[in-house]
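Below is one structure, written out as structure tokens; the observations come after it.
Computed from the coordinates by the stated procedures, all read-outs in this text should not be read as laboratory data. Note that this is a predicted model, so its numbers are computed, not measured. A quick note on method: Cβ atoms are made from the backbone with ideal geometry, for glycine too, and the neighbour counts reach across all protein chains shown.
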Amino acid sequence: MRYNIPYGDKKVFFEAPEKSVIFYGEMAKIPAVKDIKRALISALESPIGTLPLSNLAKNKENIVILVEDNTRSTPLDIILPIIVDYLNETGVPDSAISFLTAPGTHRLMTDEEILKKLGSKIIKRFKVIQHDANISEDMEDLGTVLAGDYKIPAHVNRYALKADLLLGIGNIVPHCDAGYSGGAKILQPGVCDFVTTSATHAAAGFCPDIPLGVADGNPCRQGMEEVAKIAGLDFIVNTVKNYEGDIVGIFAGDFIKAHREGIKLAEKSFKITVPEPADIVIVSSSPSDMDYWQASKGISCAYFAVKKGGIIIFASPCTEGLAHNHPRFREWLSLPLDEVLRGLRAASPEDVEADMISAVLSVCNCRARDKSKIFSVSDGLTEEDLAAMQYTSFPTVQAALDEAMSLLPEATIGIIPKGGISLPVIDK
């Protein structure tokens, strides 16, 4: 039978024996919000765990709104005009509102990317500043916070700290380190430096398994939330979308309470039911295709759906290669799991050269690589990248599947079309 999965902005097709395919990672068809403006204003007026935004914004003179970069999919161009008009109606002038991008340790956006992300109305009306994790002078040292007994230095962008009302706008999807995106994640790593982000992510690396879909009890998420508390994140607006990209829910208010309510819907939206782990899992990184730093979410997703000793076929364009701002990523990826974990424990978050964030992402890769062989179909990863990752390169998904079937002739097959956002759940 003929199947397809996304590959960037196109689809790739392949033939597989229908009787061998035990799951195709379909998500629930959750209906879209019909009136986004009405739903958003309702969320702002009746938030979870805080006063209405109109009350919080009263008489404020420096409202800073944290917004994600182009690696995330919150429809900012749709919701930001509604939020700023709402603030205007409560007496806040445009001059009291500005935006700070929250890319974490990602590269800065181009002017064209900012325009596309925020929309021309916002760019023309408001001041927009880009956070750069590399500029230490922009950070303020707030001391340390605790995630369990793990100390996390809190270094936060001063521009955010000077706000008399700090808002964060984001989207909730499963995430391999923080459990889910959204909530406090817009502040940490959003507007922190490499030191703070290294520390929170290291906490995830010490988990007994990849904490995909785990928020409560996740030390990485806890660290992010402790940093957000000390920095004073006042209010969040988080969307939840369905697999087609439509908004299905809007959650506003306290960055923990509103986030947890949003998770309940996100789990329903992004869960894929796996009757049992498959021998071969074909996974697309979609919609996280920009580079391997993002696309590796597909590997973490497939890890939970593949049988031990099986094969993952990973398809991702990785149009911008391996990663930005992480020069040691390839080196960490090349190491076995025990060496990565030893390196993580030995390194200090203050040692930026150690690149602990890369080490944590490498932990996810190691766990998947130790569980299964990984075949790669990618135009953007180099031979050097693939050799370090210990992936076997194939020109097409079909070629990779044919080889996998020759190695495992009676194999069961699972297909995950949107591995960048899927949450596999074994049907026990």
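Would the range 2-49 count as rounded, prolate or oblate if I go by the C-alpha gyration tensor, calling it rounded below 1.5 in a/c and otherwise prolate when a/b exceeds b/c, oblate otherwise? Provide the component values of the computation, followed by the final result.
Values: a/c = 4.42, a/b = 2.81, b/c = 1.58.
Taking the square roots of the gyration eigenvalues as a ≥ b ≥ c, the range 2-49 is prolate.
Take the Cβ-Cβ distance between Lys264 and Asn4 as r, set R0 to 30 Å, and report the resulting FRET efficiency rounded to the nearest 0.05. Mind dumping the intermediate values first?
Details: r = 31 Å, r/R0 = 1.04.
The computed FRET efficiency comes out at 0.45.
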Item to check | Rounded to 10°, Cα long-axis angle of helix 292-303 versus longest principal axis of the chain | outcome: 60
Item to check | Top positive-direction residue, dipole computed over the range 297-371 with Cβ charges, set Ala346, His324, Ala359 | outcome: Ala359
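If you average 1/r over all unlike Cα pairs in the range 141-221 and invert the result, what Kirkwood radius do you get in angstrom? Could you put the intermediate results ahead of the total?
Working: mean 1/r = 0.0762 Å⁻¹.
About 13.1 Å, per the Kirkwood formula over Cα pairs.
Using just the helices of the chain, give the 222 nm mean residue ellipticity in deg cm²/dmol: DSSP H runs with n ≥ 4 each add -39,500 (n - 2.57), and the total is spread over all residues, rounded to 500. Mind showing how you got there, number by number?
Values: 15 runs with 147 residues, N = 428.
Helices in the chain give a 222 nm mean residue ellipticity of -10000 deg cm²/dmol.
Around Gly217, with a cut-off of 13 angstrom between Cβ atoms, what is the net charge of the other residues, counting Lys and Arg +1 and Asp and Glu -1?
Local charge sum for Gly217: -1.
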Checklist outcome for this item: Along the dipole axis of the chain (charges at Cβ: +1 for Lys and Arg, -1 for Asp and Glu; origin at the Cα centre), the most positive-end residue among Ile82, Val195, Gly213 is Ile82
Checklist entry - Taking the Cα centre of each part, how many Å lie between the range 49-83 and the range 121-185? => result 14
Checklist outcome for this item: Cα-Cα longer than 27 Å, checked against Lys185/Lys373; Lys58/Lys121; Lys185/Lys297, kept in input order, equals Lys185/Lys373
Checklist entry - Expressed in nm², what is the orientationally averaged projection area of the convex hull enclosing the Cα positions of the range 36-269? => result 11.7
Item to check | For the chain, the fraction of alpha-carbon pairs in successive 20 Å shells from zero, as % | outcome: 27, 57, 15, 0
Next on the checklist: To the nearest 20 Debye, how big is the dipole of the range 36-269 about its Cα centre, given +1 on the beta carbon of each Lys and Arg and -1 on that of each Asp and Glu?
Outcome noted: 500
Checklist entry - Which one of Pro153, Pro189, Pro327 has the biggest mean-square fluctuation once the chain is modelled by GNM with Cα springs under 10 Å? => result Pro327
Item to check | the range 325-356-the range 383-421 distance, computed between alpha-carbon centres (Å) | outcome: 26
Item to check | 15 Å beta-carbon shell around Arg38, net charge (K/R +1, D/E -1) | outcome: -2
Checklist outcome for this item: The size of the Cβ-based charge dipole (Lys, Arg +1; Asp, Glu -1) of the range 282-428 about the Cα centre, to the nearest 20 debye, is 680
Checklist entry - Relative to the Cα centre, what is the charge dipole magnitude of the chain, using +1 at the beta carbon of each Lys and Arg, -1 at the beta carbon of each Asp and Glu, and rounding to the nearest 20 debye? => result 1140
Checklist entry - Under a Cβ-Cβ cut-off of 13 Å, what is the net charge of the residues other than Ile122 that fall near it, where Lys and Arg count +1 and Asp and Glu count -1? => result +3
Checklist entry - What are the residues whose amide H is under 5 Å from the amide H of Val12, where those residues sit 5 or more places off or on another chain and H is modelled from the backbone? => result Ile5, Tyr7
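Ser406 to Leu337: FRET efficiency via 1/(1 + (r/R0)^6), r the Cβ-Cβ distance, R0 35 Å, to the nearest 0.05? Let's see the in-between values first.
Working: r = 28 Å, r/R0 = 0.80.
It comes to 0.80.
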Checklist entry - Taking the Cα atoms only, what angle lies between the long axis of helix 257-270 and the longest principal axis of the chain, rounded to 10 degrees? => result 30
Item to check | Computed label-point distance, nm, for sites Leu51 and Lys29 using a 7 Å Cα→Cβ extension | outcome: 4.5
Checklist entry - Put a dot 7 Å past each Cα toward the Cβ at Glu137 and His324; how far apart are the dots in nm? => result 2.2
Item to check | Separation in nanometres of the label points that stand 7 Å from Cα toward Cβ, at Asp85 and Gln390 | outcome: 5.5
Item to check | Crossing angle, helix 397-407 versus the chain [Cα axis fit, 0-90 degrees, rounded to tens] | outcome: 50
